[in-house]
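Please read the structure below before turning to the comments.
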């Protein structure tokens with residue numbers, strides 16, 4: 001049994017939460033919400049106040065971080081468990097491993113390894129909510145292709161996705177593809193019919209291609225505004241079209257490098273809270289020192305300010321920051337409250353995946369015990385994560401060894 005105390009980011013109420021096994025067993029309101037609660041926009045002063053409690057952060061796009069990546073040809077079960085624990089330091093209790101464009105044999109092998117690791121290691125099973133294929137059905141053009149390996153890009157082929165799904169034990173929940181490619185609409189229809197969400201991304205599509213993809217069943221935009229050309233037609237382009245399409249959800253990377261503050265604000269207004277979620281897009285070299293590194297056939301630079309890019313091109317190569325950083329940027333850029341920002345990496349991504357979100361905002365007994373405890377005061381550079389629980393187990397506690405799972 002585990003007991004913890006925190007102020008709900010949603011109601012501002014001070015709660016005592018008891019956990020039995022992997023579920024919330026009891027929730028008790030300790031006292032009425034005091035003045036300056038989260039609901040009213042006030043916050044404790046740094047770490048001298050009572051910490052906040054939130055549903056565990058859910059990141060739908062994690063390629064890797066700090067030397068581990070789901071595209072590595074030597075990916076191991078230990079790598080995957082290490083990544084789960086490292087993400088927990090940022091408050092991320094669960095994530096969706098993102099498998100980018102890579103040689104088919106390696107993709108099948110890594111999907112199978114990840115699924116097998118989930119079956120054998122409870123901490124990994126608790127920390128993963130499904131798999132995301134970001135490619136290989138993407139544009140081969142410079143700009144839209146991003147840092148994906150051009151030699152492995154291919155045309156949409158649902159029979160290949162079926163092979164991937166077999167290797168993944170049915171855990172693929174999301175596929176990103178470029179809708180302008182031959183066979184894309186048919187592939188999107190097949191994905192929708194099989195219960196896999198199709199997202200538009202890394203695309204050089206004309207506006208009409210976006211509309212066709214939506215009619216075929218596409219439901220989201222992968223890191224909207226990124227994986228795109230440096231220059232676009234002023235009015236008729238694929239970014240405007242996706243922002244205007246009310247049925248499309250949008251994932252955004254809010255690290256301050258992928259999207260300017262004004263763009264974040266515009267996307268948040270266009271989509272509203274009902275069709276938006278935040279992702280990190282964290283990648284292999286996140287957390288590395290500045291310098292040049294090789295990622296398969298691609299050279300990546302870690303710049304002095306911490307962002308990742310393709311040297312000499314201005315193109316980005318995944319992200320180096322996690323959600324504890326991105327949440328603070330989103331509030332700065334949009335004026336959103338902590339409550340509003342936290343919804344974009346808890347309730348909203350869970351809703352998009354089709355997970356049951358009833359009781360998320362009041363920590364209802366019987367709900368999964370995926371929780372994040374943290375401090376935050378306006379102006380802080382990032383959230384101060386104190387504890388992260390996944391499946392009722394503490395996978396990160398400030399001041400304790402990362403390898404301790406209780």
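The values are calculated or read from the model by the stated rules, or taken from the named source; none is laboratory data. All values derive from a computational prediction rather than experimental measurement. Heads up, the Cβs are rebuilt from the backbone with ideal geometry, glycines too, and the neighbour counts pull from every protein chain shown.
Structure above, values below:
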{"item": "Count - residues of the range 289-304 that are closer than 12 Å to residue 69 by Cβ and touching a strand residue (DSSP E or B) at 6+ places or on another chain (Cβ under 7 Å)", "result": "2"}
{"item": "The one condition in (1) modelled with pLDDT under 95; (2) more than 19 Å from residue 117 (Cα to Cα); (3) surrounded by fewer than 20 Cβ atoms within 10 Å (Cβ to Cβ) that residue 67 fails to fulfil", "result": "(2)"}
{"item": "Qualifying positions in the range 113-135 - in a loop (DSSP other than H, G, I, E, B) and surrounded by 24 or more Cβ atoms within 10 Å (Cβ to Cβ)", "result": "135"}
{"item": "Filter result (over 16 Å from residue 185 (Cβ atoms), under 23 Å from the mean Cα position of the chain (by Cα) and surrounded by fewer than 21 Cβ atoms within 10 Å (Cβ to Cβ)) within the range 205-238", "result": "225, 229"}
{"item": "Of all residues making up the range 200-243, the number that are under 24 Å from residue 262 (Cα atoms), touching a strand residue (DSSP E or B) at 6+ places or on another chain (Cβ under 9 Å) and outside any helix (DSSP H, G or I)", "result": "12"}
{"item": "Residue identified as at pLDDT 95 or above and either over 19 Å from the mean Cα position of the chain (by Cα) or surrounded by 21 or more Cβ atoms within 10 Å (Cβ to Cβ) (or both) among 110, 79", "result": "110"}
{"item": "Identity of the residue in the range 93-103, within 20 Å of residue 160 (Cα to Cα) and in contact with a helix residue (DSSP H, G or I) (Cβ under 7 Å, 6 or more places away or on another chain), that ends up surrounded by the fewest Cβ atoms within 10 Å (Cβ to Cβ)", "result": "103"}
{"item": "Residue list for the range 294-305, restricted to those being surrounded by 13 or more Cβ atoms within 10 Å (Cβ to Cβ) and touching a residue at least 40 places away in the same chain (Cβ under 8 Å)", "result": "295, 296, 298, 300"}
{"item": "Odd one out for residue 90 among (1) buried (at least 24 other Cβ atoms within 10 Å of the Cβ); (2) part of a helix (DSSP H, G or I)", "result": "(2)"}
{"item": "Candidate set: the range 381-406, residues that are surrounded by 15 or more Cβ atoms within 10 Å (Cβ to Cβ) and assigned to a loop (DSSP other than H, G, I, E, B); chosen: the one modelled with the lowest pLDDT", "result": "405"}
{"item": "Of the criteria (1) crowded, with 24+ Cβ neighbours inside 10 Å; (2) free of Cβ contacts under 8 Å to residues at least 40 places away in the same chain; (3) part of a loop (DSSP other than H, G, I, E, B), which one residue 155 fails", "result": "(1)"}
{"item": "Odd one out for residue 364 among (1) assigned to a strand (DSSP E or B); (2) surrounded by fewer than 20 Cβ atoms within 10 Å (Cβ to Cβ)", "result": "(1)"}
{"item": "Qualifying residue in the range 297-304 (condition: modelled with pLDDT under 95 and in contact with a helix residue (DSSP H, G or I) (Cβ under 7 Å, 6 or more places away or on another chain))", "result": "yes"}
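Let's see how each residue does on (1) surrounded by 17 or more Cβ atoms within 10 Å (Cβ to Cβ); (2) over 22 Å from residue 383 (Cα atoms); (3) modelled with pLDDT of 95 or more:
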| position | (1), (2), (3) |
| --- | --- |
| 251 | yes, no, yes |
| 259 | yes, no, yes |
| 270 | yes, yes, yes |
| 273 | no, no, no |
| 277 | yes, no, yes |
| 283 | yes, no, no |
| 292 | no, yes, no |
